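To start, the structure under review is shown below, and the notes come after it.
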Amino acid sequence: MQEHRIARDAWTTNVHCIVHTVEWMDRIALALKGKTVLEIGAHRGSLMQPMNKRGVTWIGIQANPDSDCIFKPIPVIDYLDAIEGYKNTADFIFVAWPAYTMRGFDFMPIALAAKKYDIPLLIVAERRVLTSSPSDLWDNQLHGGYRLIQAKEYEPDRWRGVRDSLWVLVDEKHLKEDGDRTKFLL
């Protein structure tokens, strides 16, 4: 067990990005089995094969993906055009650490496109930490007509240095006064 703790500490100290554990992939895949997920900013495509093997149709897209990826995401020029193209196919849109994986792109139009097309947006990020998600995302909930709901049952695993949560951006029209989340439960 000591080796695992040392490896995790080294990873979180040097990588600064979501850590996809087998346990987390199993949990989220169970909830998304049979669904189609469009991952925006898939970076090196690390979730594509494991999630497809678990029964989730996982489509990764990335502007300028690395050339040495084993599972190369679909290269795109514009994320908004890609969302438009998948709007009738994707059951969910997924993004992990958008401020990191989508450097150079404004994330707010992507979040608002998910709302516009009524596709729940799953975001793995630390709450209100600029290195993982833009403050605009949190600050514009009231005026943007959406809410960010923490899906605690699907949080990534945590240990020293990792404070990520899974958030669901959902159109407020799907929220009821009593807090019913049935529309966007995974």
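The values are calculated or read from the model by the stated rules, or taken from the named source; none is laboratory data. Keep in mind the model is a prediction, meaning the values are calculated, not measured. With ideal geometry, Cβ positions are generated from the backbone for all residues, glycine too; neighbour counts draw on all protein chains shown.
Numbers for the structure displayed
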item: Test for residue 42: is it under 19 Å from residue 151 (Cα atoms), at pLDDT below 90 and buried (at least 21 other Cβ atoms within 10 Å of the Cβ); result: no
item: Scope region 47-82; condition under 23 Å from residue 25 (Cβ atoms) and among the charged types (D, E, K, R); matching residues; result: 53, 54, 66, 68, 72
item: Residue among 49, 62 that alone is more than 15 Å from the chain's Cα centre (by Cα), surrounded by 13 or more Cβ atoms within 10 Å (Cβ to Cβ), over 26 Å from residue 172 (Cα atoms) and modelled with pLDDT under 95; result: 49
item: Among residues of region 158-182, those that are aromatic (Phe, Trp, Tyr) and either at pLDDT 85 or above or exposed (fewer than 12 other Cβ atoms within 10 Å of the Cβ) (or both), counted; result: 1
item: Filter result for residue 39 (within 19 Å of residue 121 (Cα to Cα), of a type in the set (Asp, Glu), in contact with a strand residue (DSSP E or B) (Cβ under 9 Å, 6 or more places away or on another chain) and touching a residue at least 12 places away in the same chain (Cβ under 8 Å)); result: yes
item: Test: residue 124 is modelled with pLDDT of 80 or more, of a type in the set (Val, Ile, Thr), crowded, with 18+ Cβ neighbours inside 10 Å and over 24 Å from residue 63 (Cα atoms); result: no
item: Qualifying position, being touching a Leu at 6+ places or on another chain (Cβ under 6 Å), at pLDDT 90 or above and either within 19 Å of residue 133 (Cβ to Cβ) or surrounded by 20 or more Cβ atoms within 10 Å (Cβ to Cβ) (or both), among 37, 56; result: 56
item: Qualifying residue in region 56-63 (condition: of a type in the set (Gly, Ala, Ser) and assigned to a strand (DSSP E or B)); result: yes
